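Read the structure below first, then the notes.
Where a number appears in this text, it was derived from the coordinates with a stated rule and is not lab data. What you see is a predicted model; the values in this text were computed from it and never measured. Cβ placement follows ideal geometry from the backbone for every residue including glycine, while neighbour counts extend to all protein chains displayed.
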Amino acid sequence: LVPGIAFAPDGQGRFYRMGRGKGFYDRLLPILNCPIAAVSFPFREMDSIPVDAWDRKVDYLFK
């Protein structure tokens, strides 16, 4: 379960996650071999957010 400031759909059933900009989770998540999940309130869901090549997607977003 990972935190996020905002989330946006990727168009393929997963979600982009915006963190606090330090990259801690972006470095940790690739070495874990498990699905990535997050919990979001509706006001945290956006149509799009800025995405970089190293950003990791969220597999499940619980609302």
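When the inverse distances between all different Cα atoms of region 6-62 are averaged and flipped, the Kirkwood radius reads 11.7 angstrom. Magnitude of the charge dipole for the chain, about its Cα centre and with charges confined to Cβ atoms of Lys, Arg (+1) and Asp, Glu (-1), is about 200 debye.
Charged neighbours of Asp26, selected by a Cβ distance under 10 Å, balance to +2 (K, R count +1; D, E count -1). Each residue, Arg14 and Cys34, gets one label point 7 Å from its Cα in the Cβ direction; the gap between the two is 1.8 nm. In the chain, the DSSP beta bridges split such that about 55 percent are antiparallel, to the nearest 5.
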